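First the structure, in the form of C-alpha cells, and then the observations on it.
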Amino acid sequence: MSSIRTSYNRNPVPTNGQPIEYRDGKFIIPDRPILPFIEGDGTGRDIWKASCRIFDAAIEKAYSGKLHLWIIPAPVGGTWSWKAKVGDAEARLTVQRAGAKVLYVPLAGVHTILPPAIIFHVAREDWTLSIFEAANYGVFLGDTARAKEIARRIVDEAKQLGVREVVLAECGHAYAALRWEAPNWFGETFPFRVVSLVEKIDEYLEQGRLHLDPSSNQERITYHDSCNMARTGGVIEEPRRVLRAAVRDFVEMTPNRKDAYCCGGGGGLVALPEYQERRLKAGAPKARQIRETHAQTVVAACENCRLQIGELAHHYELGIEVSAVADLVVRALRLPPTRHEAERLFAGVEEPLPARKRSEGTAVG
C-alpha cells in the first residue's frame, strides 16, 4: 500500500494522519504527518501525479516503512488554468507520454516548465514532460560515476518513451553533460537528438511556427554567453537570432561569444554560500561589461548564470533585471495579448483575466 495519499479539498483529511505541530520553538514531526500542498492548475495536477511516485519511493528507501506521509491539496481560489494561459480549450500537458516526438527535461521549478510549455503549445509541438530534472550534480562534484547515473535516468526514459528529441531546459552544465559528455560516458550514439530549449526555439522561428512581436519587449536587452553553452557547447548564434526576433533593442557586451567573460558562478559555486565573496569579486569584470551596455535586462540561457548575475546586480547596484530566453519569447508571443497581462501571469496573479475583446487580436494556439 502506498505511503502517500492525495485527495481533493472536499474529501476528509485521513483519519490516521497526524498534524505537524510547533512547540517551544521547534517542529514536532509525527510518524504519519499530514502535509498540505498547492496543486495549482492543469500543469500542477499532472506533475503531482508523478511527484507522488517519487516521494513514495524516496520515503520507503529512507525510512523502510517507518514513516507514512499524507499529502492533501490546500484550498486555493481562482487559480489560473492551463487552458486560460494559452487561450486554448484543448490545451494539454502530458507527463512521460509514450510516442511523443519531444521529451522536455526541466529544472526544479515551474519557471522552467510553464514558459516552455506555452512555446511548445503555440508551435504545435508533439511533446511530453520528463519526471526528472536536467541538473546533474555529479558534474558539479567532479564525480563521473554519479554524473553518469544521473544522466542514465534521462537516457533510459527517452529510450523507453521512444522520443526523437530530448530538449533540455536553459541550463549550461545540463546541456554540456547530456549533449556532449553522456555519449562518451555510455559509448554509444543515442537514438534521439539532444538540443537546448534555445536551439529548439530558434528552429521554430526558422520554420515559421512562432510569430513574435518585438514591441512587447521595449527595454534595452543584452545577452550573457554561458561558458557551457557557448565555449563548450557551441550554442552562440541561436540565442541572438531569437532575441533579435523577440526584443526591440538588443545590444552586445564586449567581448562576447567565445571570448565572453565568465559570470563567476560556474562549476556550481553559485550554490555554495562560503564562496560568495570570491564569486562576487570574480564577477566584477562581468558587472563592468553589463554596466557599459546600459541595458535594463540581462538574458542568460543558464540558471546558474542568472542566479550569479542577479547577485552581481545587487552587489554592484547595476539596476537590471535578469531573464531567461523563454520568458521574453512568451512575452513576444502576446499570449496573453498585452504586456500588462503577461506580467500578471509571471507574477502569479490568481484572479482570471477579463474576457478578451476582438479588437485585442486573435488568440494564438
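In what order do V235, V298 fall by count of nearby beta-carbon atoms within 10 Å, going from fewest to most?
V235, V298
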Between T94 and I28, what is 0.36 nm times their sequence separation minus the Cα-Cα distance? Round to one decimal in nm. 20.0 nm
Assigning unit charges at the beta carbon (Lys, Arg +1; Asp, Glu -1) and nothing else, what dipole magnitude in debye, to the nearest 20, does the range 214-332 show about its Cα centre? 240 debye
Through the Karplus equation 6.51 cos²θ - 1.76 cosθ + 1.60, θ set to phi - 60°, convert the phi angles of the range 281-288 into ³J(HN,Hα) values in whole Hz; use x for Gly and Pro. 5, 5, x, 4, x, 5, 4, 5
Spatial separation of Cα centroids for the range 107-143 and the range 164-240, in angstrom: 12 Å
Just how large is the dipole of the range 205-264 about the Cα centre, in debye to the nearest 20, putting +1 at every Lys and Arg Cβ and -1 at every Asp and Glu Cβ? 80 debye
Of the listed links K200/K258; K159/K281; K148/K200, those spanning more than 32 angstrom between alpha carbons are K159/K281
Report, by chain and number, residues whose modeled amide H sits under 5 Å from the one on V95, excluding near sequence neighbours (fewer than 5 apart, same chain). L129
Order of I20, I201, I34 from fewest to most other C-beta atoms within 10 Å? I20, I34, I201
Quick check on the exposure proxy: order C262, C227, C171 from fewest to most C-beta atoms within 10 angstrom. C262, C227, C171
Decide, for the range 145-267, between rounded, prolate and oblate: order the square roots of the alpha carbon gyration tensor eigenvalues as a ≥ b ≥ c, take rounded if a/c falls under 1.5, and otherwise choose prolate if a/b is larger than b/c, else oblate. oblate
For a quick check of your reading of the filter: which trypsin sites (Lys or Arg not before Pro) in the range 109-160 sit in a DSSP loop and have no more than 11 other Cβ atoms within 10 Å? R124
What residues qualify as long-range amide H neighbours of V299, i.e. H under 5 Å apart, gap of 5 or more or another chain, H built at 1.01 Å from N? T222, Y223, H224, S323
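Bear in mind these aren't lab numbers, they're just calculated from the coordinates by the rules spelled out. As the structure is a computational prediction, the values presented were derived from the model and not from experiment. Backbone-built Cβ (ideal geometry, glycine too); neighbour counts: all protein chains shown.
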